[in-house]
1. Just checking, which of B:ALA113, B:ALA130 is free of Cβ contacts under 8 Å to residues at least 60 places away in the same chain, surrounded by fewer than 18 Cβ atoms within 10 Å (Cβ to Cβ), within 21 Å of B:ASN23 (Cα to Cα) and touching a helix residue (DSSP H, G or I) at 6+ places or on another chain (Cβ under 7 Å)?
2. Scan region B:844-865 for residues that are surrounded by fewer than 20 Cβ atoms within 10 Å (Cβ to Cβ) and within 21 Å of B:THR282 (Cα to Cα) and report the count.
3. Within region A:200-213, take every residue that is touching a residue at least 12 places away in the same chain (Cβ under 8 Å) and facing chain B (nearest Cβ under 7 Å) and give me the one that is nearest to the chain's Cα centre (by Cα).
4. Testing B:ARG166 on (1) in contact with a Phe, Trp or Tyr (Cβ under 7 Å, 6 or more places away or on another chain); (2) of a type in the set (Lys, Arg); (3) in contact (Cβ under 8 Å) with a residue 60 or more places away in the chain, one condition comes back false. Which one is that?
5. Has region B:101-114 got at least one residue that is within 21 Å of B:CYS37 (Cα to Cα) and assigned to a loop (DSSP other than H, G, I, E, B)?
6. In the list B:THR441, B:THR450, which residue meets the criterion of being farther than 30 Å from A:ARG100 by Cβ and part of a strand (DSSP E or B)?
Amino acid sequence: MSRPNVTRRYFFQECALGVGKIALASLMADGALGRLAAAGSGQVSGLPHHAPKAKAVIHLFMAGAPSQLELFDHKPELAKLEGKPLPPSIINGQRYAFIRPDAAVLGPRYKFARHGQSGAELSEMIPHIASIADDIAIVKSCRTTQFNHAPAQIYMNTGFSQPGRPSMGSWITYGLGSEAKDLPSFVVMSTGAGISGGAACWSSGFLPSSYAGTRFRNTGDAILNTGTPAGIDPATQKDTIGLINAMNDRRLRLDGDSEIATRIANYEMAYRLQTSAPDLMDLSTESKETLELYGCDPKVPSFARACLLARRMVERGVRFINIYNEGWDAHSDVAGNVRNNCAKTDKASAALVKDLKRRGLLDSTLVVWGGEFGRTPMVESSVSLGRSQGRDHHPQAFSMWMAGGGIKGGQTIGATDEMGFNIVQDEVRVPDLQATILHCLGIDHERLTFRNAGLDFRLTGVEPCHVVKKLLA
Amino acid sequence: MSRLCSPLVLALAAAAASAVDFNREVRPILAQHCFACHGMDEQARKGKLRLDLADSAHGKGKSGELAIVPGQPDKSEVIHRIFSEDPDDIMPPPEAKKPMSAKDKAVLRAWIAEGGVYQPHWAFSAPKQAPLPQAGVHPIDAFVRARLAQAGLKPSPEADRFALVRRVTLDLTGVPPTPEEADAFVQDKSPEAYEKLVDRLLASPRYGERWARRWLDLARYADTNGFEKDRPRTIWPYRDWVVKAINADLPYDQFGIKQLAGDLLPDATPDDLIATGFHRNTMLNEEGGADPNEYRFYSMVDRVGATGAAWMGLTMNCAQCHTHKYDPILHTDYYGVMALLNNADEPTYHIPAPDHAKQVAEHARKIAEAEAALPGKFPGGVAALDPKVDAWIAAEAPKASKWEVLRPAKLQTTMPKLEVQPDGFILGGGDSTKSDVYDLTFDRPLKGVTAIRLEVADHPSLPNDGPGLTSYEGPLGGFFLSELQAWHGDRRLEFGEAFATNDEEEDRISDAAAAPKAKAKAKGKAARKKNNASAALDGEMSSGWQVLGGYGQRQTAVFRFAKPTDLPAGWTLKMLFEKHFSCSLGHFRLSVTTDEQATATGHPAAIEAMLAGAAPQDRDALRMRFLETAPEVATHAKALAALRKRIPRGQPTLVMRERPPSNPRTTVRYHRGEYLSPREEVKPGVPAFLPGLPKDAPADRLTFARWLFAPENPLTARVAVNRQWQAFFGRGFVPTLEDLGYQSEAPTHPELLDWLAVEFQRTGWSMKKLHRLIVTSATYRQSSRVTPELAEKDRENLLLARGSRFRLDAEVIRDGALQAAGLLSFKMGGPGVYPPQPASVTSEGTYGRIDWKPSEGEDRYRRSLYTFIKRTAPFAMATTFDAPTGEACIARRDVSNSPLQALTLLNDEMFMEAARALGAKAMAAATDDAGRITFILRRCVTRPPAPDELKTLQAFVDAQRARKVADKDVWTALARAALNLDESIVHP
């Protein structure tokens, strides 16, 4: 199956010499190590398609779907209409998860004000994001096709609503390879109650499995099995890897299978990961000021800590980072839900952008903030479920923001109607977002394809879609 | 991933026939560049030109030019267009963004120059056995060697005996041989030694486990439902059936027919039903608010795709949204195949135990005994009972009402099918929605009606025995009556009070994360409404009368009219069932009364009739009813009630069941494959390029299943043989195991593939015979050493001048480590088990979290086939080594080689357990270092160490000792290193 070119090269050029430190070192430099360091020059020839602005992506995935009406999309009209149903002409047959389409309107729960030179209109719940208003581009006109969490999250990540397709991070690392010498190039962190879409959200689908996202965990080893087991001291661990590789080297010379060369390199890499992963997690080198900027307690897993770790990963060449904050699913008490989630995410999201900027990394790092869909202008309440003052899922319109590499900050694009129900200007569908993210990385979404089961697949699917030019710097 | 035909194969093809080969060279180019607009898809066709058919291609297009003029490329418009530099003229057009290479253009030109002859696709006509190229040798070797000779290559020598026994044992059983087993073979000098070994392995129960796992990849087997909630499901009896069927060498045609349509076989056995689990392995979305019919549609899409991949070798999935761009599969063909599979319900089947009848009789006897004993338990005995019964009747009679059962003249619903049964109960079935309305019309006028009684009762045909239709997300078998209304024309008939026999059920939102919160809120709100019968009259859709499901569930609600009401002919009863999951009612009976005191007495209808004087009194029945409710014998009555609910039931599993003729499901075409764009009805059928379905059989699943294995079907046997070949050689004759269509690479050994496909059918579709044939060939037994010559001439080993060396499957690696350590359990079958893995795998990052409590004892070390498969958070070791998650049908696994694999083998707790056990075993087995080292190496890689290896390994041991590592830890460390060797995890 997939045999990176370099092993072929290794086989033909180095095999006769046997494997030594020099050969290994050259392998490492070539970086043909699957996901952990897929060839830096790009796994797919011809990539990047154009000069990239961003080298890395940090996707702050607000899972559960935040209420745009309490955060970014101010609709005073809803307050006037509160308690009355929307006209059916607006609803136009949309299906909902829990409510009936004729449910009454719920006015915005929070006050909005204008911020920055750009005058972005933002809710009082996100003062820190408001403080970076001139660095971010807000899109108030996002739209998806899915109205349930798992399919919508999988769609946002893979361009398809069912599990089984490669995720954006997999496509990107497949296309561009890795710049991380001793870390995975696609990392997934989660700090909340659990991701509805599950592992399908970071699956490599039909791409080679080495392009799947690597989970960084909150308990135990951050990367599974990077800790040496009890009873094995460091010297034994070193000797063990030496022994395995010596034996494998002997086998390579006898059998001539180039995969053995890759395996030898992978054991070296595994050994280094045992150091590099804990190093990454060790926040003792971060200043008190930085920790305070994020609101991060180094010992406690949190969204803030994940954001800080993401910056450290970008510094180490990690290509794509997903941070999930679950819990935005405000079927009841949307005001309380937004307050709680903003308390967890507002400061750290803004800190990440500020920190990247002051370190000169923002220009080459694309930060994306948003959920899988929006929430209804109508109220959700149910006596039997004990719900009140909530909002149901709303696929027709939601808000996201992006900042950094390739993005023109200090602008708001798109608009919804007076009720916040439908988009009236600059509709941005999920594939458009994906195409735009790829574009910032130097990838033409129509040209990054993979043949599977008789078809040439791409992240953005078969429907026409476009890079959102207005977003670009 | 070899994306292109290797130059070697192309060169060989060219050598074999001087002419350009249409199928191997030309059709792929046409398919890639031309068919999208000039193929069989009428809608997409441009310029009225088809290049997939000779007649059309040799004729005139819209432009009036001749597309292909045989023998005259310069007069052929196709050539003119592909070589054109004018952007308005050039084909393929620039907007396709797929320019044709100079090489491809040259091939087309040469082909037309040679006559532009079309040939049928090799895989679409039935295979035939070509004469063997050489007599007196194994047929496989005859074909392979003929091919090697063409390429100027020689076969490799036979692998050494240790490699051979290791290879064939791993291939056939998925477990490495023990050193003793290996020695027995190595020392057996008889000419039949190898055949004896093969026969022993084919007869081993391990064989079925090994080959079941490969089949389960196609079946997308898992132990949870997938999607957000990802709850556990019980379908392991299907997995065990696969093992059993393979061990019994159930002929491959029967194996397939039973899985697709076992329920439709005459005299279907329990095993035949269990087998239909194949297509019940689809995922189930139980996320709150999902549209059940949308996800059922996706399940059907999955079933068509999996059927195409597993049996047909066709990318059927490509035709979901439009006519296949390359293969001759129309958009409507896709839905024709879906229609064949679509007419089934998806019940849970309780597998009767072998002594089921005895259990039932025994249980009935126990109930009868308990009933007979009940009067004796009454204080004062039977003598004291009669006066009490009289007094009870006197007290209960005034509360009872005379009820008259209503039979609707018309039953209309938004989706479920309702039918009135002889006992007046109405039975529902089929599909349902999240908001179902039942409209029941009555044609007999009634005067002065005071109340309507709604009896709901369990029924074996319903999910979880009913009485409701809820089959996912909510309480299974329950229902939720949101609103009940009576109408005559546009006049609403007002209800008043309502009563019900059941406790007011707390509503349960099944959402794992939200549940504790919802409960806390509920407690805080004392005023919160409960779900009761009155709530079905309150005009509020989100409240209603709820009954949970289960065997023996019987409840009654009584809805009083606001005042005695005349019900004219044509009056209707409207029932609304609405929740965030489908919650309609499946088994119920309606009655009316003119009694103003009517209420829900809790007595069975027959008893209430007696009490009301509407039926003759049955003293025994009344006495039993009294005893059931008498506080004096409450404990005994409760025990009796529990006994009645606890019927002997077999192990549940998920199956398919053909729908009743009264309620067939129609299949429609979905425009662009979108659920929200249903179009015209499509009749069951198969693509026209394949042999037709028999005319004299119903177009159903069974006929389709049999058709797959009909002798004239060109694909099924080839697909099976190609897949088996891949298992032994790491690559199929055609690398795309799931696709033998136009887009697939030409087979490396077409004659051999066809010869084997015919042989497979001829020998009764016996998989064991096929496997035996393959592993007894010299081709299979070759050394896998990659010589410099082979590395240069055939790096990918397409021509099989050597054995194949590839990494073993995840399951084989884990089982091999446990086997080496002497820990592996060979206990077969049963529910999934939980080998150790870090808790964070299933507790973090997934919504449907589970607490992965590692199994203890033997279950900790079962074969990996039995590891519980959780779709959204799969077993970490398995994922790291490319095992599928059960979310899609997988014909070929990726074979990756990553640092995370190294970390797993080095540091994972399970592998450490194996290392410790193996180290300890070595210490017990030998007293000297060399003996221990040899012991460890042989248990991992079968062969003994070479002298230089012994030295290397001894040096490691010495180095650890020198650092004062405890002896036990030294041997653990050595065992750990041995388990990590490339040779330990590779097909030798």
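The values are calculated or read from the model by the stated rules, or taken from the named source; none is laboratory data. If you're wondering where the values come from, they're calculated on a predicted model, not measured in any experiment. A quick note on method: Cβ atoms are made from the backbone with ideal geometry, for glycine too, and the neighbour counts reach across all protein chains shown.
1. Just a single option satisfies the conditions, and that option is B:ALA113.
2. 2
3. That would be A:ALA200.
4. Among (1) in contact with a Phe, Trp or Tyr (Cβ under 7 Å, 6 or more places away or on another chain); (2) of a type in the set (Lys, Arg); (3) in contact (Cβ under 8 Å) with a residue 60 or more places away in the chain, B:ARG166 violates only (1).
5. Yes: one or more hits.
6. B:THR450
One line per residue, one yes/no per condition, for (1) within 14 Å of chain A (Cβ to nearest Cβ); (2) part of a helix (DSSP H, G or I):
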{"position": "B:TRP311", "(1), (2)": "no, yes"}
{"position": "B:TYR326", "(1), (2)": "yes, no"}
{"position": "B:TYR349", "(1), (2)": "no, no"}
{"position": "B:ALA353", "(1), (2)": "no, no"}
{"position": "B:GLN359", "(1), (2)": "no, yes"}
{"position": "B:GLU362", "(1), (2)": "no, yes"}
{"position": "B:ILE367", "(1), (2)": "no, yes"}
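To keep it simple, each residue is scored yes or no on (1) assigned to a helix (DSSP H, G or I); (2) under 21 Å from A:LEU361 (Cα atoms); (3) in contact with a Cys (Cβ under 6 Å, 6 or more places away or on another chain); (4) within 14 Å of chain B (Cβ to nearest Cβ).
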{"site": "A:ARG311", "(1), (2), (3), (4)": "yes, yes, no, no"}
{"site": "A:VAL314", "(1), (2), (3), (4)": "yes, yes, no, no"}
{"site": "A:GLY317", "(1), (2), (3), (4)": "no, yes, no, no"}
{"site": "A:ALA330", "(1), (2), (3), (4)": "no, no, no, yes"}
{"site": "A:ALA335", "(1), (2), (3), (4)": "yes, no, no, no"}
{"site": "A:ALA343", "(1), (2), (3), (4)": "yes, no, no, no"}
{"site": "A:ASP346", "(1), (2), (3), (4)": "yes, yes, no, no"}
